[in-house]
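Taking it in order: structure first as structure tokens, then the write-up.
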Amino acid sequence: MQSIMIPKKIYDKIESVARIFIWGTIYGRKKMSLVGWDSICQPKDRGGLGMRQLRDENISFLLKLGYNMVFDEEALWVRFIRSKYGLDGSLPDNIKRDRSSFLWKSLSKIWVLLRENIIWSVSLSSHSAEDNWACLFRLLAWRLWKNRNLYRGSAAQQK
């Protein structure tokens, strides 16, 4: 979940199991849900159970890897990936490649979101990397929450 984009069917199956666990079953049939899944996934201080949407978690893990790939140039894995795919110091608009690793394919799916947020974050604050990191993830959390149906809707349109 931390290094590849998990398919929608897998998310749906895992969330289905979680829903059955929360609401239970009667004679093998699902009980009626009294609260929407989006309400269950709200933080506890907002009345939810604090569960997280798996898709949002997966995207945030991939964004963290992408952020490290852009800014942590000294890490061995970053140097390897950058040299393998020819990523120099600049941020390309698109990183899709034919015949690439699962990690690279997953990063290419979230690259536009990462690129927009990194550019916005760096231009907003020039204090330190920690400020940019905090700003990036505050913005990311807000955008994911605001556009939570955008990702689900795009998968439905592709079918």
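When residues of the stretch 7-46 are filtered for being surrounded by 12 or more Cβ atoms within 10 Å (Cβ to Cβ) and over 20 Å from Glu57 (Cβ atoms), how many remain?
Of the residues in the stretch 7-46, 5 are surrounded by 12 or more Cβ atoms within 10 Å (Cβ to Cβ) and over 20 Å from Glu57 (Cβ atoms).
What number of residues in the stretch 31-63 are of a type outside the set (Val, Ile, Thr), in contact (Cβ under 8 Å) with a residue 40 or more places away in the chain and over 18 Å from Phe21 (Cα atoms)? Full working, then the answer.
Taking the stretch 31-63 as the starting set, the residues that turn out to be of a type outside the set (Val, Ile, Thr) are 31-34, 36-39, 41-58, 60-63.
Those left that are additionally in contact (Cβ under 8 Å) with a residue 40 or more places away in the chain: 38, 53-58, 60-63.
Imposing the further condition that a residue be over 18 Å from Phe21 (Cα atoms) reduces the set to 55-58, 60-63.
Selection size over the stretch 31-63: 8.
Sort out which residues of the stretch 1-30 are within 29 Å of Trp111 (Cα to Cα) and either in a helix (DSSP H, G or I) or touching an Asp or Glu at 6+ places or on another chain (Cβ under 6 Å) (or both), and write them in order of number. Spell out how you get there, then give the answer.
Of the residues in the stretch 1-30, the ones within 29 Å of Trp111 (Cα to Cα) are 1-16.
If the condition is that a residue be within 29 Å of Trp111 (Cα to Cα) and either in a helix (DSSP H, G or I) or touching an Asp or Glu at 6+ places or on another chain (Cβ under 6 Å) (or both), then Lys8, Lys9, Ile10, Tyr11, Asp12, Lys13, Ile14, Glu15, Ser16 are the ones that fit.
Cβ-Cβ distance below 6 Å, separation of 6 or more or different chains: which pairs start in the stretch 101-122 with a residue that is assigned to a helix (DSSP H, G or I) and buried (at least 20 other Cβ atoms within 10 Å of the Cβ) and end on one that is among the polar types (S, T, N, Q) and at pLDDT below 85?
Ser121/Asn132
The values are calculated or read from the model by the stated rules, or taken from the named source; none is laboratory data. Treat the numbers as computed from the prediction; the structure is a model and nothing was measured. Don't worry about glycine lacking a Cβ; one is built from the backbone with ideal geometry, like all the others, and counts go over all protein chains shown.
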